[in-house]
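**Student:** Provided herewith is a single structure, encoded as structure tokens, for subsequent inquiry.
Please treat every number below as a calculation from the coordinates, not as lab data. Since this is a predicted model, take the numbers as computed values, not measurements. Here Cβ is always computed from backbone atoms with ideal geometry, including for glycine, and neighbour counts include all displayed protein chains.
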Amino acid sequence: MAIKDYIRERFFPHMWCPGCGHGVVLNAMLRAIENLGLNKNDIVMVSGIGCSSRISGYVDFHTLHTVHGRALAFATGVKMSRPELHLIVPMGDGDALAIGGNHFIHAARRNIDMTAVVMNNRIYGMTGGQYSPLSGYGISATTAPYGNIDQGFDIVELAKAAGATFVARTTTYHVQQAAELLQEAILHKGFSVVEIMSQCPTYFGRKNKEGGAVEMMKRMKDITTPIGSKAKEAQPELIERGIFVRKDLPEYCSEYNKIIERAQKQGRR
Amino acid sequence: MGKPKLKEHIINRDWCKGCGICVEFCPKKVLALDDREKAVAARPEDCICCRLCELRCPDLAIEILIEE
Amino acid sequence: MSKTIKFIQGNEVCVEAALYAGLNFFAGYPITPSTEIAELLSFRLPQIGGRFIQMEDEIASMCAIIGASLTGSKVMTATSGPGFSLMQEALGYAVMAEIPSVIVNVQRGGPSTGLPTHVSQGDVNQARWGTHGDHAIITLTASNHQDVFAMTVEAFNLAETYRTPVILLFDEVVGHMRERVVIPDKGEQPLVDRLRTAVKSGVDYHPYLPREDGRLPMSDFGGVHRYNVTGLAHDMWGFPSGNPQVVHGLMRHLIDKIQSNAAEIARIREFFLEDADCILISYGSSARSSLHVVQNRRKRGERIGLLELQSLWPFPARIVREKCRHAQTIVVVEMNMGQVLEQVKLAVEQPERVFLANRMDGVFINPTDIRNILRLIQGRGI
């Protein structure tokens, strides 16, 4: 199938700004799903609130556009009831890690089989450019007119510490890698996290003098490097891209199936 | 399998928002923005069918058709 | 056929009834005095192939049951005051997206952490207006274990019928008290399943286009119809819409589907109302003390009766008005500052005849309390 077969064409052109990284993430996600050849009826996309969360409206799957920060909790209910479905949960950085931070770490801890995609543009776009937990120190935002004094999270480290069994990072510049990582993450049985560093030219770029979409994407190329590269040794401040964690641990729904077996065996005794 | 040969750039002008990502990152500088700020294949003969424009387009507005 | 008779806590009765009604997914978070519901369901649900999950908080619990309901499961969560507060946003989502779901609130003293182990009925108005925005909601309650069973099953039936969250407002006394309950045989209390769409695969399905009777046939997530569910105002396909006509139609539907069926939803019990000059109105555990007072005073020839409310929202105003038409004195007995009292005053023809007999100090209102207040109201001193 062509990627157009996976979208709800009548809603295009989409509502995102020119050059918005979220469109690139959508593009990569559709490539990943196309490559996997998944049946559209077997995919449930659950999103929260924010620019990023509008992604669910554009795709022709079962789509659940929920409340701010809680997409993973809704997704947990869907997955527990119908473990055979593929759950994809795209979130913005504020959605996933500020208001949704608790759900994020607990979904990771349970190792429930779903793919969390953090579309990290380091800003609240929908409300007009406030600082997020990923903005980082010194960043300018509408709620940080004198510069941000909040330290930022490292999504990869957070996901690792919380127990996610697949953790990866890339950027919208590295779109082929993004599609590959998403593909791997969807195939992974367990909780997978893919951070995609993304650009918000309208608010982050303008506020922080990083230029337009093109300049922001070039910058992401310059400030990142593949995991374990020589460049990282020379420039330790470079952000690594690639798969950080991939391990097999008991998946939550499979474990619950064993609970059911145990409970029913005891009942028969 | 030989090198893929370009048949056509299909650019959806209704969806293109003129961000210039495809223009900037095309390794062969095939694409340009026209006077209405829409992407066009200005030098299609140079296209190597790498599809990077198609993959990076945030608006899903570009499709590269290749000769069978 | 021999009946199953149990001597158990109200919270346990709620579990028995939920399973009887077809519950197969529960998400919750421990909180006194509702925790027994989660504990027992963690044991019972897997036995029938259902699923239980303890979430990271009550917010997540409410969200998880919504997700599960969309796949076709019958779902419930259980909590108490502080947890109920946390659930309010997602409860509103369930209203907006029309998700069948049952939310149990075993009330304790509030506000805030309040009195975790003590009884209260302070969440009546929160059940009605806890989530933001205009909406209609169904809330049931019960004073005894047989009714806890019946109302819990009713809650599922109403949730499935009207595609709405239904709140079961119990209180600590009912939740923790042990008494006899007869578990009905299978089929004895009717069960309702949500309408499923008959629209075939490949044919345009309108998930949010109500039938003429206001009901909304559903398609399970994972089925042949892929559609959008959102908490935003939405059109008949479930896609966001800001079109005033669409929004107006949606709001009318959400409210009318419940308000115009208020008579069918209303549930009451009445005791000695035919000739009563004095009518007590109560619900939940305080109705037990009220009934005790009424029965005692009847023996002494007083014309006193009890109207027990089993549904609180939509408020059964018409029934209250009819039943109280000839009463000289109406006394609302409740464990709060008069939340149902206000509704009764709005409902009756002569609100000056309505009085409050209450406690809100965490102590169960007993027959002596009610008797003392009655004497004051009737000008007889204590």
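**Student:** Expressed as a whole number of Å, what is the distance separating the alpha-carbon centroids of the stretch A:184-224 and the stretch A:46-118?
**Tutor:** 19 Å
**Student:** Which whole-number percent gives the relative contact order of the stretch A:3-268, counting Cα pairs below 8 Å spaced six or more residues apart? Don't skip to the end; give the middle numbers.
**Tutor:** Values: 562 pairs, mean separation 49.0, N = 266.
RCO, the stretch A:3-268: 18 percent.
**Student:** For helix C:35-44, report the angle its Cα long axis makes with the longest principal axis of the Cα atoms of chain C; keep it between 0 and 90° and round to the nearest 10°.
**Tutor:** Its long axis makes an angle of about 50 degrees.
**Student:** May I pose another question? Where Lys and Arg each count +1 and Asp and Glu each count -1, what net charge lies around A:ASN27 among other residues with Cβ under 12 Å from its Cβ? Show your work: numbers first, answer last.
**Tutor:** Details: positive: A:LYS4, A:ARG31, B:ARG51, B:ARG56; negative: A:GLU34, B:GLU54, B:ASP59, B:GLU63.
Taking every Cβ under 12 Å from that of A:ASN27, the sum is 0.
**Student:** For chain B, build the convex hull from the C-alpha positions and give me its volume per residue in Å³. Numbers along the way, then the final one.
**Tutor:** On the way: hull volume 5.3 nm³, N = 68.
Dividing the Cα hull volume of chain B by its residues yields 78 Å³.
**Student:** Now, a different point. Near C:GLY72, within a Cβ-to-Cβ distance under 10 Å, what is the net charge of the other residues, with Lys and Arg +1 and Asp and Glu -1?
**Tutor:** Details: positive: A:ARG82, C:LYS74, C:ARG194, C:ARG196; negative: C:ASP193, C:ASP220.
Combined, the nearby Lys, Arg, Asp and Glu give +2.
**Student:** For the stretch C:160-191 and the stretch B:1-62, what is the centre-to-centre distance using only Cα atoms, to the nearest Å?
**Tutor:** If you average the Cα positions of each part, the centres end up 63 Å apart.
**Student:** Pick from A:CYS200, A:CYS17, A:CYS253: which is most flexible by mean-square fluctuation in a GNM of chain A where alpha carbon atoms under 10 Å apart are linked?
**Tutor:** Checking each option, the largest mean-square fluctuation is seen for A:CYS17.
**Student:** If you don't mind, there's one more thing I want to ask. What aspartates and glutamates does A:LYS230 reach when the alpha-carbon gap must be under 20 Å and sequence neighbours fewer than 8 apart in one chain are set aside?
**Tutor:** A:ASP222, A:GLU240
**Student:** Treating the angle as unsigned and between 0 and 90°, give the value, to the nearest 10°, between the Cα long axis of helix C:285-299 and the longest Cα principal axis of chain C.
**Tutor:** So the inclination is approximately 40 degrees.
**Student:** What is the dipole size for the protein assembly as shown, taken about its Cα centre, with +1 at each Lys and Arg Cβ and -1 at each Asp and Glu Cβ, in debye to the nearest 20?
**Tutor:** On the way: 80 positive and 78 negative charges, 163 e Å.
Rounded to the nearest 20 debye, it is 780 debye.
**Student:** Apply the Karplus curve 6.51 cos²θ - 1.76 cosθ + 1.60, θ = phi - 60°, to the phi angles in the stretch C:361-366 and return the couplings in whole Hz, x for Gly and Pro.
**Tutor:** 10, x, 9, 4, 6, 9
**Student:** Roughly what angle does helix A:175-187 make with the longest principal axis of chain A, taking Cα atoms, 0 to 90 degrees, to the nearest 10?
**Tutor:** Helix A:175-187 and the main axis of chain A meet at about 20 degrees.
**Student:** Evaluate the distance, in nm, between pseudo-label points positioned 7 Å from the Cα of C:ASP204 and of C:ILE255 along their respective Cα→Cβ axes.
**Tutor:** 3.0 nm
**Student:** Continuing with this model, one more query. When chain C is treated as a GNM, springs tying every alpha-carbon pair under 10 Å, which of C:ILE138, C:ILE304, C:ILE167 comes out with the largest mean-square fluctuation?
**Tutor:** Residue with maximal mean-square fluctuation among C:ILE138, C:ILE304, C:ILE167: C:ILE304.
**Student:** ³J(HN,Hα) across the stretch C:239-255 via Karplus (A = 6.51, B = -1.76, C = 1.60, θ = phi - 60°), whole Hz, x for Gly/Pro?
**Tutor:** 9, x, 8, x, 5, x, 5, 5, 5, 4, x, 5, 4, 4, 4, 4, 7
**Student:** Name the residues whose placed amide hydrogens come within less than 5 Å of the amide hydrogen of C:THR139, ignoring near sequence neighbours (fewer than 5 apart) on the same chain.
**Tutor:** C:ILE167, C:LEU312, C:TRP313
**Student:** Near C:LYS186, which aspartates and glutamates are there with a Cα under 20 Å away, not counting those fewer than 8 places off in the same chain?
**Tutor:** Partners within reach: C:GLU12, C:GLU16, C:ASP147, C:GLU154, C:GLU160.
**Student:** Strictly over 24 Å apart at the Cα level, which of A:LYS258/C:LYS3; A:LYS79/A:LYS160; C:LYS6/C:LYS299; A:LYS4/A:LYS209; A:LYS221/B:LYS29; B:LYS7/B:LYS28 would you flag in this model? Don't jump to the answer; show the numbers that get you there.
**Tutor:** Working: A:LYS258/C:LYS3 33 Å; A:LYS79/A:LYS160 22 Å; C:LYS6/C:LYS299 31 Å; A:LYS4/A:LYS209 35 Å; A:LYS221/B:LYS29 19 Å; B:LYS7/B:LYS28 16 Å.
Exceeds cut-off: A:LYS258/C:LYS3; C:LYS6/C:LYS299; A:LYS4/A:LYS209.
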